[in-house]
Amino acid sequence: MTPLRIYSITEYLLKRKGRHSIHSPFVYDFLTRVIQDSTQYDFYERFKKAKKTVLHNKNVIETVDFGAASGNKQFATYRIQVNKLAAKHMGREKNYRLLYRMARYFKPNNILELGTSTGMATIALAAGQETGRIVTIEGCASVSNVAESLFHKMDFHRIELVIGNFDKVLGTTLSTFESLDMAYFDGNHRKLPTLDYFNQCLPNAHENSVFIFDDIHWSDEMESAWEQIKGRPEVSISIDLFHFGIVFFRKGVEKQHFILKH
């Protein structure tokens with residue numbers, strides 16, 4: 001564990017708050033009914049089956065990474081088994097459960113995900129949404145094939161999968177949305193691309209939109225991007241759950257930032 005990671009975790013643990021210190025009715029409701037919801041939903045068992053399917057897939061694929069893993073290069077390519085790729089990028093199961101509960105709670109008609117990977121977060125969002133439109137963008141065609149196979153196996157047939165470098169396909173994809181009710185950013189853990197994708201999505205946001213950012217404390221760059229995002233005048237409420245950063249654009253409320261336990 002890097003010194004940055006240790007510092008970020010320590011700071012988060014010291015500053016996070018419980019529900020009794022929350023005075024915003026909206027945030028209190030979100031904390032108690034979503035973040036702290038301990039209901040064992042049927043989807044959790046479906047998710048375990050999906051996870052098992054991916055982690056047992058030993059097929060070797062050639063991947064293209066346009067994100068932070070490419071270093072100073074425009075992209076990086078390498079061969080890897082699907083199960084090892086999934087284990088490398090898969091987050092903690094409780095985070096996918098939270099994505100499911102957020103989609104279930106906010107009932108978004110339109111969801112955009114940046115960074116499909118093997119499709120685990122996508123199915124969590126789609127299961128929580130139940131009806132509506134969900135579009136996910138993946139930069140690597142071979143990885144998208146893995147995700148698409150999982151979607152069909154788990155009977156998630158309405159997920160729209162866009163393949164291509166975000167820099168080239170995001171604008172066109174956004175033009176197909178009248179608005180974005182929910183966006184999940186998990187495709188490029190670098191500062192400038194994260195800010196660029198946020199800025200491109202921002203015109204499609206409305207008062208009830210929810211934008212979720214993965215791994216906001218992953219690096220100095222991501223922490224800097226998170227600070228700029230939550231400081232934007234359009235953002236009225238921001239929530240730091242350590243692994244996730246969540247922003248809201250609600251009108252008529254005092255701008256506030258919360259660090260909450262998850």
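With each run of n ≥ 4 DSSP H residues scored as -39500 (n - 2.57), what mean residue ellipticity at 222 nm is computed for the chain after dividing by its residue count and rounding to the nearest 500 deg cm²/dmol?
Values: 10 runs with 110 residues, N = 262.
-12500 deg cm²/dmol, from helical runs alone.
Of the candidates ALA127, ALA76, ALA50, which one comes out as most mobile in a Gaussian network treatment of the chain with C-alpha springs shorter than 10 Å?
Maximum among the listed residues: ALA76.
Modelled label-to-label distance, GLU93 and TYR105, 7 Å Cα→beta-carbon offset: nm?
Each label point is offset 7 Å from its Cα along the Cβ direction, giving 2.1 nm.
What is the log10 of I(q)/I(0) for the range 187-258, computed with the Debye formula using one identical point scatterer on each Cα and no solvent, at q = 0.14, 0.17, 0.26 Å⁻¹?
Values returned for q = 0.14, 0.17, 0.26 Å⁻¹ are -0.37, -0.56, -1.28.
If the limit is 30 Å between Cα atoms, which of LYS94/LYS255; LYS49/LYS230; LYS153/LYS251; LYS58/LYS261; LYS84/LYS153 go over it?
Beyond 30 Å: LYS49/LYS230; LYS153/LYS251; LYS58/LYS261.
Net charge near CYS140, counting Lys/Arg +1 and Asp/Glu -1 over other residues with Cβ under 10 Å of its Cβ?
Summing Lys/Arg as +1 and Asp/Glu as -1 gives -3.
Against the longest principal axis of the chain, how steep is helix 3-15, in degrees 0 to 90 to the nearest 10, with axes from Cα atoms?
In the chain, helix 3-15 runs at an angle near 40 degrees to the longest axis.
Looking at the chain, what % of its DSSP beta bridges pair antiparallel, to the nearest 5?
Here the share of antiparallel DSSP bridges comes out near 40 percent.
Under 10 Å, Cα contacts only: if you run a Gaussian network model on the chain, which one of THR176, THR77, THR32 comes out with the highest mean-square fluctuation?
THR176
Sticking to Cα atoms, compute the Rg of the chain to one decimal and its Dmax as the biggest Cα-Cα distance, whole number, in Å.
17.6, 52
Nearest 0.05, what FRET efficiency do SER175 and LYS261 give at R0 = 41 Å with Cβ-Cβ as r?
0.60
Using a Förster radius of 30 Å, what is the FRET efficiency between VAL60 and GLU221 based on their Cβ-Cβ separation? Nearest 0.05, please.
E(calc), rounded to 0.05, equals 0.45.
For LYS168, give me every one of the aspartates and glutamates with a C-alpha distance below 20 angstrom, ignoring sequence neighbours fewer than eight places off in its own chain.
ASP65, GLU113, GLU138, GLU160, GLU178, ASP186, ASP196
Taking springs between alpha-carbon atoms closer than 10 angstrom, which of PRO108, PRO193, PRO203 fluctuates most in the Gaussian network model of the chain?
Sorting by GNM fluctuation, first place goes to PRO203.
Multiply the residue separation of GLU234 and LYS52 by 0.36 nm, subtract the distance between their alpha-carbon atoms, and state the gained length in nm to one decimal.
61.5 nm
Which trypsin sites (Lys or Arg not before Pro) from the range 92-134 combine a DSSP loop assignment with at most 15 other Cβ atoms within 10 Å?
ARG92
Read the figures in this text as sums done on the coordinates, not as results from a lab. Given the structure is predicted, the values throughout are model-derived calculations rather than measurements. Neighbour counts run over all protein chains shown; Cβ positions are idealised from the backbone, glycine included.
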